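In what follows, a single structure is set out as structure tokens and then discussed.
Here, each number is a calculation from the coordinates, and none is a lab measurement. Since this is a predicted model, take the numbers as computed values, not measurements. Cβ atoms come from the backbone with ideal geometry, glycine included; neighbour counts cover every protein chain shown.
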Amino acid sequence: MPQIVADSVDAYIIRRLNARLQFLLLLRRADAILGNTWQSIHQHIEPGETTLAAAERGIAAATGLAIVEAYSADFINQAFDQQRDAIVLAPVFAFVAAPKPPVHLGDEFVDSAWCDAEEATARLLLAGQRWAIRQIDDLIGMSGPDAEFYRLW
């Protein structure tokens, strides 16, 4: 019987440009797991580490970006990990970067792209990632008091 684990987090970096959200996607190296696919940031949570701290660590390692705001996406991504025979539950967060930040790619990635929600969902391989983009765009994209409810800092 598979176990249920919650030892990872999904982080989506966003920016507001012309009153719309853009999502930062990263292209994995060809020789990496899921090589040559566009991804958000998926980070393992270390023992004793908070979920948000793990997400921030993953963002720093993958992009070098400074984050100015954090939001709960009110969404849990789920996937099956065949190697562990586990159902993995990963909370999803959105992190706002400055409008035109320089991206410094980590070792696992070879390219990055800022995409609107439609382009981002077209590039992403995994259904859970596409759902996360739609959820973030719906909750946070319009800003205002509804988005403020999901602001963490």
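It is to be established whether one or more residues within the range 33-47 are in contact with a helix residue (DSSP H, G or I) (Cβ under 9 Å, 6 or more places away or on another chain) and exposed (fewer than 15 other Cβ atoms within 10 Å of the Cβ).
yes
Is at least one residue of the range 12-23 outside any loop (DSSP other than H, G, I, E, B), farther than 17 Å from Ser143 by Cβ and in contact with a Gly (Cβ under 7 Å, 6 or more places away or on another chain)?
The answer is no, given that none of the residues of the range 12-23 is outside any loop (DSSP other than H, G, I, E, B), farther than 17 Å from Ser143 by Cβ and in contact with a Gly (Cβ under 7 Å, 6 or more places away or on another chain).
Within the range 87-102, which residues are over 30 Å from Gln3 (Cβ atoms) and either within 15 Å of the chain's Cα centre (by Cα) or not aliphatic (A, V, I, L, M) (or both)? Lay out the reasoning, then the answer.
Start the filter on the range 87-102 by keeping residues that are over 30 Å from Gln3 (Cβ atoms), which leaves 96-102.
Those that are over 30 Å from Gln3 (Cβ atoms) and either within 15 Å of the chain's Cα centre (by Cα) or not aliphatic (A, V, I, L, M) (or both): Val96, Ala97, Pro99, Lys100, Pro101, Pro102.
Which residues, taken from the range 44-62, are under 21 Å from Asp137 (Cα atoms) and touching a Gly at 6+ places or on another chain (Cβ under 9 Å)?
Within the range 44-62, none qualify.
Among the residues of the range 5-32, write down those that are surrounded by fewer than 17 Cβ atoms within 10 Å (Cβ to Cβ) and among the β-branched types (Val, Ile, Thr).
If the condition is that a residue be surrounded by fewer than 17 Cβ atoms within 10 Å (Cβ to Cβ) and among the β-branched types (Val, Ile, Thr), then Val5 is the only one that fits.
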